[in-house]
1. Regarding region 55-67, can at least one residue be identified that is aliphatic (A, V, I, L, M) and closer than 21 Å to S415 by Cβ?
2. Can you find a residue that is touching a residue at least 40 places away in the same chain (Cβ under 8 Å) and surrounded by fewer than 20 Cβ atoms within 10 Å (Cβ to Cβ) anywhere in region 35-57?
3. Run K285 past the list (1) among the basic types (K, R); (2) more than 29 Å from the chain's Cα centre (by Cα); (3) at pLDDT below 80 and report the number of the one that doesn't hold.
4. Could you tell me whether region 74-85 includes any residue that is modelled with pLDDT under 90 and in contact with a strand residue (DSSP E or B) (Cβ under 7 Å, 6 or more places away or on another chain)?
5. Determine which single condition I5 fails, assuming it passes every other condition in (1) crowded, with 16+ Cβ neighbours inside 10 Å; (2) over 18 Å from the mean Cα position of the chain (by Cα).
6. Can you tell me which residue within region 337-358, out of those that are outside any loop (DSSP other than H, G, I, E, B) and at pLDDT 80 or above, is farthest from E187 (Cα to Cα)?
7. Conditions: (1) at pLDDT 85 or above; (2) not assigned by TED's automatic domain parsing to the domain that holds K158. R114 meets all but one. Number of the miss?
8. L216 is checked against (1) under 30 Å from L264 (Cα atoms); (2) surrounded by 18 or more Cβ atoms within 10 Å (Cβ to Cβ) and fails just one. What number does that condition carry?
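The values are calculated or read from the model by the stated rules, or taken from the named source; none is laboratory data. Here the structure is a predicted model, which means the values were calculated and not measured. Positions of Cβ are backbone-derived with ideal geometry, glycine not excepted, and every protein chain shown enters the neighbour counts.
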Amino acid sequence: MYEKILKHFKAAYPGFPAKPSINLGLGIKQIRLRMGMTQDELAGQAKMKPTALKTLENGYAQFTKASNLERLASALHTKICDIVNEAREWFASNFFVLKLEDPEQPSPRQRKWRAEKWFKAKWHSFDGFDACLLTSPAEGPAHFHFAAIDIHPGHALKHLHRKSHTLTQIAGFVERGSLKIIYTGKEASTLSGNQGFILRGDKTHQFINEDHDNKLRIYLAFLFPLQKSIKKKPRKNLSRESFSVGRAIESLRLLYSDSPARPLSFSRLAELTGLDAKSLKYLSKTNHPGQVVYWDKIEVITHALHIPISRFIELAEGKDDGYIKIATAHDRALIDYRHYLGVRIKSILFPSSSNQFHFSELYIEPRGGIRRASWRRTDNAMMLAYVEDGELLVEVGKNRKTLLSAGESVYFDGSLGYIFTNSGAKPTKILFVTHPAIIF
């Protein structure tokens, strides 16, 4: 299902840039215009040829010398980082807006003016469900995908799984209806409206609409399908029931790796646990029942990685059945910033430091907003704001802004800085998703 959704929506936006590109000249031009400088004045102060600056600003030259960039930053009285970030604001995936109405037709070019650009939200029908992708169709490990899915009455989405490495998570929220999840063919859970869940997506799962009269609306967040995954080397003479410390160590190296293409290095694992790399390599080769098991070292590893010894033993026995965590009303934390920021944050997922997503409902008071001070993520987090009720003015960076109504969304790079403002007369409710997760 996941790959099918991505394939359809990628085809729905032909010409959308698949890879990031930075128009550095556009960032320079925006800063220059705000300062009221002409091209000739900036070129003179930066000791550049006017034709070279014009070519750069018009986007015909995508690269420039570091020395030129330093002189331009000095002449503009700004930092190189500010120029680059201002240029990044205009990359399509760093500010992707979906609205219910058709986008405006391009108007004749006007000096010092750029039209707001958005796309029309599109629903696609599949076998047993309808879906609308609310994030950009861009590819890359930095991006995540967020989809609204309506499962038809009585229908089941079967044999679902993500073709990726073991840390791939799927986060979900039931807006309305009754959802039954069957995980790994063994564990069944039933969720009603306003309940969330998170599960490991590489294990087979099913989503079933138990209501035979009405559609079920759920929202799903999942990561970009990685093209290259870790290839596990087969271990000889190891059945699922046999106890192998080496198998557990290798599983931990996969689980704690930041890269889908390779496991965590022994040197890095040594830094995390305080053990030397040689001892860890020996433990990873402890596969034969006749070999000595150093339980004191295993105790050190489990304490350092904050996992219970029972979980380590399960990995050693080959019991890796994934996980699913349900967040009921009692599990959803509420953070009330109304008196200071005019906002309440109600988490959707079960609290865990291992969550790959932050997923919450935000309630923003009228004319309040998250102050006028721009919030900024320091970890290049991608973010999505989907308006469920009310109006929301979203400002990203120094140039991008959009006014959203119910059913509209914006996907953007949180490291550019952002401001949320309720421009209406009643409280605004939005679904707010980020990757990586926000840790409160």
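1. no
2. yes
3. Of (1) among the basic types (K, R); (2) more than 29 Å from the chain's Cα centre (by Cα); (3) at pLDDT below 80, only one is false for K285: (3).
4. no
5. (2)
6. My answer is V343.
7. Only one criterion is unmet by R114, namely (1).
8. Among (1) under 30 Å from L264 (Cα atoms); (2) surrounded by 18 or more Cβ atoms within 10 Å (Cβ to Cβ), L216 violates only (1).
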